[in-house]
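Chemist: The structure follows.
The values are calculated or read from the model by the stated rules, or taken from the named source; none is laboratory data. As the structure is a computational prediction, the values presented were derived from the model and not from experiment. Because the Cβ atoms are built from the backbone with ideal geometry, glycine has one as well, and the counts that use them run over all protein chains shown. Side chains are part of the model used for accessible areas, which takes the heavy atoms of the whole protein and leaves out ligands, DNA and RNA. Shrake-Rupley method; radii C 1.70, N 1.55, O 1.52, S 1.80 Å.
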Amino acid sequence: TMKKIAVLAMCVLMLWACSVTAFAEDGGVYENADQLYQAWGSQHGFPDYISGVWVTDGNREHLTFGLVKGEAGEVGRQEILDLVKDDSTVTFVYQTYSRNYLWRIKDAIVDAYFLKGLGLVTAGVRERENRLYLEVHRDFAENADTLEMIRLVTEQYGDAVCFAFVD
């Protein structure tokens with residue numbers, strides 16, 4: 001029975017060691033803010049507490065993380081600080097809408113309206129401004145269906161969405 005216990009203990013230790021190694025490769029601590037950003041963008045997706053991420057001062061190693069206001073943003077702030085070794089590469093600002101929410105709005109609007117002949121030209125999330133921007137061709141500024149679409153989107157999403165008429 002001692003032999004079985006020793007083998008079992010060895011198996012448990014090996015499983016634990018492998019899981020620690022896997023964690024370090026897949027989501028452990030990153031040297032700087034850019035490494036964390038790259039991991040989120042390529043592997044994990046962005047947490048719901050993130051409202052945006054952008055270069056702070058021209059150096060990709062120093063990023064500003066937009067966080068949603070409130071408890072989720074505070075928890076996220078601490079999580080980011082725990083994930084990045086060099087805290088000097090991180091700056092925080094607080095914003096209203098999560099990045100994921102704005103992208104879901106964009107997808108919903110594109111699916112519902114983009115191919116309806118309402119003049120929509122582009123739809124894009126501007127993370128620094130923490131808004132979804134929709135550009136509508138100027139020729140549709142007086143179009144009743146386009147104006148109704150703008151009214152419905154504004155009613156549903158409020159100031160999370162901004163419209164601009166463009167040439």
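Chemist: Kindly list the number of the only condition in (1) under 29 Å from R131 (Cα atoms); (2) surrounded by 12 or more Cβ atoms within 10 Å (Cβ to Cβ); (3) at pLDDT 80 or above that fails for S88.
Modeler: For S88, the failing item is (2).
Chemist: Is it the case that some residue within the range 98-109 is over 22 Å from the mean Cα position of the chain (by Cα) and hydrophobic (A, V, I, L, M, F, W, C)?
Modeler: no
Chemist: To continue, here is another question. Hey, does the range 127-140 have a residue that's closer than 26 Å to L63 by Cα and among the basic types (K, R)?
Modeler: Yes, some residue in the range 127-140 is closer than 26 Å to L63 by Cα and among the basic types (K, R).
Chemist: Restricting to the range 140-167, and then to whatever is aliphatic (A, V, I, L, M) and either assigned to a strand (DSSP E or B) or open to solvent by 70 Å² or more (accessible area, probe 1.4 Å) (or both), can you tell me which residue is farthest from V68 (Cα to Cα)?
Modeler: A144
Chemist: Right, next: Run F65 past the list (1) open to solvent by less than 20 Å² (accessible area, probe 1.4 Å); (2) at pLDDT below 95 and report the number of the one that doesn't hold.
Modeler: So F65 meets the others, but not (2).
A quick yes/no check of all residues on (1) at pLDDT below 95; (2) in a strand (DSSP E or B):
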site: F23; (1), (2): yes, no
site: P47; (1), (2): no, no
site: S51; (1), (2): no, yes
site: D57; (1), (2): yes, no
site: R60; (1), (2): yes, no
site: Q78; (1), (2): no, no
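Chemist: When the residues of the range 113-139 are filtered to those that are touching a residue at least 24 places away in the same chain (Cβ under 8 Å) and part of a helix (DSSP H, G or I), which remaining residue is nearest to the chain's Cα centre (by Cα)?
Modeler: Filtering first and then ranking leaves Y113.
Chemist: Which ones in the range 68-85 are open to solvent by 30 Å² or more (accessible area, probe 1.4 Å) and either under 20 Å from R104 (Cα atoms) or among the basic types (K, R) (or both)?
Modeler: Of everything in the range 68-85, those that are open to solvent by 30 Å² or more (accessible area, probe 1.4 Å) and either under 20 Å from R104 (Cα atoms) or among the basic types (K, R) (or both) turn out to be K69, A72, R77, K85.
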